[in-house]
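Working notes, structure below.
The values are calculated or read from the model by the stated rules, or taken from the named source; none is laboratory data. Quick caveat, the model's predicted, so the values are computed rather than measured. All Cβ positions, glycine included, derive from the backbone under ideal geometry; neighbour counts span all protein chains shown.
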Amino acid sequence: MNELLREVVSEEIERLADVDERLRMISVTAVLCEPDLTRATVLLSSVSIDALRGLEAQRSRLQRAVADQVRLKRTPRLGFAEDPSIAAGERVESVLRHLSGPVAEDPGDLGVGKGPQGSPGSDAGSGPGALGGSVVLAAGKEPMGIVIVDKEAGCTSHDVVARCRRIFGLKRVGHAGTLDPDATGVLVVGLGRATRLLRFFTSLGKTYEAEVVLGVATSTLDASGDVVATFDMSDIVIDDARRAAASLTGSILQVPPMVSALKVGGRRLYELAREGIEVPREARRVEVTRFDVEEAEIDQGEVLRRERVLRISVECSSGTYVRSLAADLGSLLGGGAHVRKLRRTSVGSFTLSDARHLADISLADVLPAASAMRDYPSLMVDSEVASMVLSGRRFRRAELGAVGDGPWAILDSSRSLVALYGAKEPDLAVPLVVLGDAGVPGGANSLGL
């Protein structure tokens, strides 16, 4: 129950941060609910008085979110407090640093410096280790960073998170961009405080490869569902399919499938689908940059069944459902279709070459925060400005040398990630996420948190 409450409160705070900037630097570490459900204490990482005031101002909305999304006989009253374990850990680490200093490992041994070089507004330089600073394993601290997993078929994205919790001995683990159980490929997993960065991966473009089976429509739009209709589409030629795919390219409106993880009325659509409930869904605008169609190799059984199978490659914006593209392709060709063997091949610049299978993952595969933010322009600041960033100060964009609309990764002189800043009219740069402890051994930008 406590974990469910933490997820609900975290998601709602992230959503409310769009309307109340004071909430943008808040990270929920845990929620502790009283046995009689009268009260639930929301534990937070280090947070300012201004942020606490923002929470108080939004308390009623948070209460409603808990009431809507968590089915309880009574809704506990929310209270807020700083997580004492984090504060205590920071004090212990300060003493350890004073007594013996950090124990650092060779950044090259831990996979630092895989990001692109010379991003806009960046002074990142080039070569191994150019972005991300040194990787520090600090005594008494939990790992923090990003892991790129090559998810296997047959497990859920939540299963991957649970496995990473066991591998790294962490409670705070999350993922960006759900992959269906039958789908494989790139899944971004955040560890420790880096879970606060996951929303920046969700918004990145993605690429997929899959097969589309023409002539068979299913209840889930993929191979796991029940067959709901069949069509003779054996005479479809590849040029017809390519023309249909071209009409599904560009800025299009797409209705999310009932088996998606989107929430309606506080419940996931796939939960409603399992109960046989279908609800209206609003079409959403998505961008399909590329929708390539080729002939697929099929086995003898498929030949005998006269099945028509196509191989597709899709490059699209966040929020695009490839299974819906496959179903729409079938409809445009005068029948029906479903997707199978779906594989996500990239999230932003992170590809399968960056990914590791769960059985092979270790601490060496954890990317430090600065390296993980390689898809965003980076800005180097000196120690004086870094201190102001840590306090959540706003800047004129010109003061930071920020160009464009952001977000910008703010790096200190050691090339560690201090914060993510975003644009605000007319010409401001404001904090979206502040990690804290930048430039110090064991800080939030190394592997020790």
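Would you confirm, using the coordinates I've provided, whether Gly404 is outside the structural domain of Leu198 (by TED's automatic domain parsing), in contact with a strand residue (DSSP E or B) (Cβ under 9 Å, 6 or more places away or on another chain) and at pLDDT below 90? Spelling it out, it is not the case that Gly404 is outside the structural domain of Leu198 (by TED's automatic domain parsing), in contact with a strand residue (DSSP E or B) (Cβ under 9 Å, 6 or more places away or on another chain) and at pLDDT below 90. Beta carbons closer than 6 Å, at least 6 apart along the sequence or on distinct chains, pair a first residue in the range 1-20 that is over 14 Å from Lys171 (Cα atoms) with a second that is of a type in the set (Lys, Arg) for Ala17/Arg24. When the range 153-196 is filtered for residues that are part of a helix (DSSP H, G or I) and touching a Gly at 6+ places or on another chain (Cβ under 6 Å), the ones remaining, listed by number, are Ala194, Thr195. Selection over the range 355-369 of residues that are crowded, with 21+ Cβ neighbours inside 10 Å and part of a helix (DSSP H, G or I) gives a count of 1. For the residues Ser378, Ser391, the requirement of being over 23 Å from Ala183 (Cα atoms) and modelled with pLDDT under 90 singles out Ser391.
Scanning the range 145-156 for residues that are within 16 Å of the chain's Cα centre (by Cα) and more than 27 Å from Ala419 (Cα to Cα) yields a total of 3. With respect to (1) modelled with pLDDT of 95 or more; (2) within 30 Å of Asp235 (Cβ to Cβ), the lone exception for Val347 is condition (2). For the range 370-408, the set of residues classified as among the basic types (Lys, Arg) and assigned to a helix (DSSP H, G or I) consists of Arg397 only.
Cβ-Cβ distances below 8 Å connect the following pairs, each with a first residue in the range 268-294 that is in the same structural domain as Val309 (by TED's automatic domain parsing) and at pLDDT 90 or above, a second residue that is small (Gly, Ala, Ser) and assigned to a helix (DSSP H, G or I), and a separation of six or more residues or different chains: Phe291/Ala245; Phe291/Ala246; Asp292/Ala245; Val293/Ala241; Val293/Ala245. Exactly one residue among Arg396, Arg374, Arg415 is without any contact (Cβ under 8 Å) to a residue 40 or more places away in the chain and either farther than 30 Å from Ala153 by Cβ or assigned by TED's automatic domain parsing to the domain that holds Leu197 (or both), and that residue is Arg396. Taking the condition more than 24 Å from Ala244 (Cα to Cα), at pLDDT 80 or above and over 27 Å from the mean Cα position of the chain (by Cα), does Gly301 pass? No, not satisfied.
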